[in-house]
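What follows is a single structure, written as structure tokens, with notes after it.
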Amino acid sequence: MKALTIILISLLATLSAMAAPEAPDSALRASLRKLECRADSGNPKAIFDLSNVYEQGYGPVAADSARSVELLRKAAGLGYAPAQNYLGYKLFNGYGMERDRKRGLDLIEEAAMKGDPKAEANLGWLLVSGEEVEPDPEKAVYWLGKAAGAGLPMAMLQLGAVYAEGLPPVAPDTLKAVALYLDASRAGVPEGDIRLEKLMAPAWAQLPADSALSLGLTYYLDDNAPVSAAALFSVAAAKSDARACALLGECYALGRGKPYDYSLAIQSFYRAADMGYAPAQYILAELLDIFPDALTDIIDSGVNRNQEANVNAVYWYEQAAEAGISNSEEALSRLWQAPPSAPE
């Protein structure tokens, strides 16, 4: 019986091993074999993808620059536009191979003519920079525009910079620059938001408080541009807009659009609450529930020396309740309510 038990245990172990899921490394190797098969059949995309695998190394595949370049040249030779662009980029800059500016530029241009967005962006930028290429701002705008229209964020930033500053004979066009920077922000590239704020800050400083607040909300809620939104909230807050003060407090509290700063968040909420803004009164009350002396330093610092200020959470809950706010959901809903649509 003991021997039979040992045999059964051994058999169960074998069956268990056979039923075990394929190891991740095995699955990766199988995927790579499929890619190699497609490449061996002459598929230019597969050849290019395999070139990228060998360039960086991936899983069980060690980096092999010589093999990577060989495959890249093969894919480009088959006329695959992304490979032509990348080979052109490497040749133009001498990355991993002997520099050949003319051949590199020719390959980039050929890929751009085939509609490859990265090639369009590269060609446009070269025509802007004039780096061993005859500058041609008008052609640069054309190619960057095509790449931006294809959804390439870096082209949006590059074309936005051209319109922000102007590049004779291309005249400055602030509206186009703003639109391009916002497109980049919506695509998840923070640099678009940063450039937008830098470009527009002087003009925004002249806006009335309500206009700055409304535009800031649009940028924050719809355009993924929190840095620009916070700058607009700051403009409106400086002009004593209570809601803008509270929104600025939320930016500091969340670390979005402004660096996280607990002290400045409290100051901003307190200022808005003191001006009678109910959502800020409720948020402040919740903060005081958790940190009862949060206002002590602020009041002692002279933020509100000319008034008596109640530092009790109950007081601020009561103030908010008088305006119909009795929970945090309602407070935040009112705080972040989208601006009304502009009349058509």
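Per-structure values
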{"read-out": "Criterion (assigned to a helix (DSSP H, G or I) and in contact with a Phe, Trp or Tyr (Cβ under 9 Å, 6 or more places away or on another chain)) met by exactly one of E55, E70, E110", "value": "E70"}
{"read-out": "The one condition in (1) closer than 29 Å to A338 by Cα; (2) of a type in the set (G, A, S); (3) surrounded by 17 or more Cβ atoms within 10 Å (Cβ to Cβ) that A161 fails to fulfil", "value": "(1)"}
{"read-out": "Helices (runs of 4 or more DSSP H) completely within segment 150-224 that count 2 or more residues being over 23 Å from S234 (Cα atoms) and either free of Cβ contacts under 8 Å to residues at least 60 places away in the same chain or not assigned by TED's automatic domain parsing to the domain that holds W125 (or both)", "value": "153-165, 174-186"}
{"read-out": "Qualifying residue in segment 241-252 (condition: in a loop (DSSP other than H, G, I, E, B), hydrophobic (A, V, I, L, M, F, W, C), at pLDDT 95 or above and closer than 29 Å to G188 by Cα)", "value": "no"}
{"read-out": "Residue ID - farthest from I194 (Cα to Cα), chosen from residues in segment 113-135 that are assigned to a loop (DSSP other than H, G, I, E, B) and either within 21 Å of the chain's Cα centre (by Cα) or at pLDDT 95 or above (or both)", "value": "K114"}
{"read-out": "Long-range neighbours under 6 Å by Cβ, at least six apart or interchain, first residue touching a residue at least 12 places away in the same chain (Cβ under 8 Å) within segment 37-58, second among the basic types (K, R)", "value": "I47/K74; Y54/R67"}
{"read-out": "Qualifying positions in segment 235-266 - buried (at least 23 other Cβ atoms within 10 Å of the Cβ), over 23 Å from A285 (Cβ atoms) and not aliphatic (A, V, I, L, M)", "value": "G257"}
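Here's the yes/no breakdown for (1) at pLDDT 95 or above; (2) within 29 Å of A155 (Cβ to Cβ):
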{"position": "L32", "(1), (2)": "no, no"}
{"position": "A39", "(1), (2)": "yes, no"}
{"position": "N43", "(1), (2)": "yes, yes"}
{"position": "V69", "(1), (2)": "yes, yes"}
{"position": "G104", "(1), (2)": "yes, yes"}
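The values are calculated or read from the model by the stated rules, or taken from the named source; none is laboratory data. Everything numeric in this text was worked out from a predicted model, so none of it was measured. Because the Cβ atoms are built from the backbone with ideal geometry, glycine has one as well, and the counts that use them run over all protein chains shown.
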